[in-house]
Structures are given as C-alpha cells and as structure tokens.
1. Tell me which residues come under 5 Å, amide H to amide H, from Glu171 once H is placed; ignore anything under 5 positions away on its chain.
2. Using the heavy atoms of the protein chains alone and a 1.4 angstrom probe, what is the accessible area of region 77-150 per residue in square angstrom?
3. Under a 1.4 angstrom probe, counting protein chains only, how are Ile43, Ile195 ranked by accessible area, largest first?
4. What's the magnitude of the charge dipole for the chain around its Cα centre, counting Lys and Arg as +1 and Asp and Glu as -1 at the beta-carbon? Answer in Debye, nearest 20.
5. Given a 1.4 angstrom probe, I'd like the percentage of the accessible area of the chain that is carbon and sulfur, rounded to a whole number.
6. What nm value, rounded to one decimal, do you get for the distance between Leu270 and Leu41 when each label is placed 7 Å out toward the C-beta?
7. Considering only Gln137, Gln293, Gln126, give the residue with the highest GNM mean-square fluctuation for the chain, with springs between Cα atoms whenever their separation is below 10 Å.
8. In the full protein assembly as shown, how much of Glu303 is accessible to a 1.4 Å probe, in Å² to the nearest 10?
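The values are calculated or read from the model by the stated rules, or taken from the named source; none is laboratory data. Model, not experiment: these values are computed from the prediction. Note that each Cβ is placed from the backbone with ideal geometry, even for glycine, and that neighbours are counted across all protein chains shown. Each accessible area value is taken on the protein alone, full model and side chains, heavy atoms only, with ligands, DNA and RNA left out. Shrake-Rupley method; radii C 1.70, N 1.55, O 1.52, S 1.80 Å.
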Amino acid sequence: MTNSTMVMEFLLLGSPDGWNMRVLYFTVFLLTYLSTLLGNLLIITVTTADENLHTPMYFFLRNLSILDMCFISITVPSACVNSITGNRAISVVGCATQIFLVIFCACVEMLFLTIMAWDRYVAFCQPLHYPIIMNPQFCVRMTLASLLSGLVYTGVHTGNTFRLSFCQSNEVHQFFCDLPSLLRLSCSDTTSNMILVLVSVVFVCGACFIFIVTSYIRIFSTVLKSPTRAPSKVFSTCTPHILVVSIFLSSGAGVYLRHSATSDTLQDMLLSAYYTMVPPFLNPIIYSLRNKQVKEAVRRVIERQLFSGK
C-alpha cells in the first residue's frame, strides 16, 4: 500500500484562459441551454395541448423532451457558474451524483429512441393492430420499464466506479464528471471496470442500434412494396427519428471511443459539449422542422391562445 492522500474533491475542466474567453464560453453555454429548454418546452406544451398529438409517438416524444431538459440541466448550468466564478472544485458526492444522472439520462434516452422505432414499425407494418399493440397501458409500462432499467444500469456503473480508490491526480478532463475520465484517475486496478463499461455499452447500445436499424429496414421495405402508400410521407415521418438516433449515437461514440490521457483541453471540452448539449438542443428543432403535424399543432395552439386572449 503506497502512502498517498485520498482525493476529497475533483477539479473539473476549466473555461479557456482570459476574461473575454470565459465570458464567451459562458454566453455560448447559457444561450444553448436556454434555447434547449425553450425548444423542448415547446414540444412538451404542444404535444400536451393539442389533442391530435395524443398518440403513442408523441407521448414518447414528450417524454424524450422532458428527459433532454433534465440531461442538459445536469451539466451546463454548473459549467456556466464555474466559468464565471473560476471555482472548478466538485465534491466526491457531487461527482458521483453527476455521473449517476448523466448515465441514467443517456441510457433512458437510448431506450426511448428504441421504443419510438418500434412504434413506427407497428404503425407502418401492422397498422390494423396498432391501436391494440400501442395502447396507453403498454406505453406507460414501457416508459416505467425504461426508467427502471436505467436506474439498475446506472446504479451498477456508479457503484462499481466509486468503490475504487482515488489517490492520484484529481484533474478531470471534462467540464463535468464522466465515467471514463474518473477511471483514469483511480489508483486501483480498473481493468474489470473498463471491461464492464465496454461490454455493457456494446450490449445495450448495440442491441438498441440493431433493433432500430432492423425496424427501419422493414418499414422501408414494406412501404416500397406497397403501391398504395406514398414513400415521401413515410420518409418525412421517419427521418426526424433517424436523425436524432444518428446524432445521439455519434456524439456518444465520439466521447467514449476517444479518451486518451494526453488529449488536449479544447478537444476534450468540445467533445464533452457535443455529447451533452447537441442532442438535446437539436431534437426539438429536428422534430419541429421536419414534422408537419408538429408545425400545424404549434400554429393551432398559438391561434387558440390568441383568440382566447381577445
């Protein structure tokens, strides 16, 4: 056993040097955060207020928007405060909480996106059975199952990480606590942790990805074989979901597949920002701009509010 001081707190990645750069960093993060909240809040409001959108697809879209608001709120507000105050310290408990919430939101978002792919598959490939299969009880059960699965998955990884000893550097190469960065700081043997992370990520994300790809292959195959269906309508409905899945998986892969101890600060910060900020920011934009039903619902809700105010 080596003589070393146990880490009592961690130091997160700071904002770029210089007051002007810190203000720019703060402004970009704050505007992105506020825009994300506004966009997702709009989706939640519209899908709740408009009865035409009370369908399983928009039920899960509403849940996804709520989750995205939580996801970005875990990391960005604290990063904004730290950039202005210059205080980069975070307690071990705070770090564990942040890791738990980030992994939980990421895991549940992946499960929600998978369920939404299943919803589209049933809608296009089994339309007569859609009301029976995608009934309200099923949607609620799938949501609760996703949340419970996320809790179990997150609890295993968080508990397995913080049973380790941290007695080396306390510099985390991210603007928030994340799993790979912390494993590099441990003075314990992390081989089993890394294997568990790799296997679980490949299993969960790989299984979800295969399921999503298979669902859309069947959807497009069914549509192209059917002379009565317009492919353009199907593509316009499915494209937003495909874009969201692509952005989320590519951003996650960019972070977890590139983690070297010698990576520079700017690249670490950009990759971290891409992973935690870009998917929640783009989701409402993609769904609102590419989905005619959402745009029409926004117009109806606005008109209803305007007329009710007169």
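1. Answer set, sorted by chain and number: Leu11.
2. On the way: 3180 Å² over 74 residues.
Each residue of region 77-150 exposes 43 Å² on average to a 1.4 Å probe.
3. Numbers: Ile43 5, Ile195 95 Å².
The most accessible residue leads, giving Ile195, Ile43.
4. Working: 19 positive and 14 negative charges, 237 e Å.
Roughly 1140 debye, rounded to the nearest 20.
5. Details: 10750 of 15530 Å².
The C+S portion of the solvent-accessible surface of the chain is 69 percent.
6. Inter-label distance under the simple model: 3.2 nm.
7. For the chain, modelled as a Gaussian network with Cα springs under 10 Å, the answer is Gln137.
8. Only protein atoms counted, so the area is about 70 Å².
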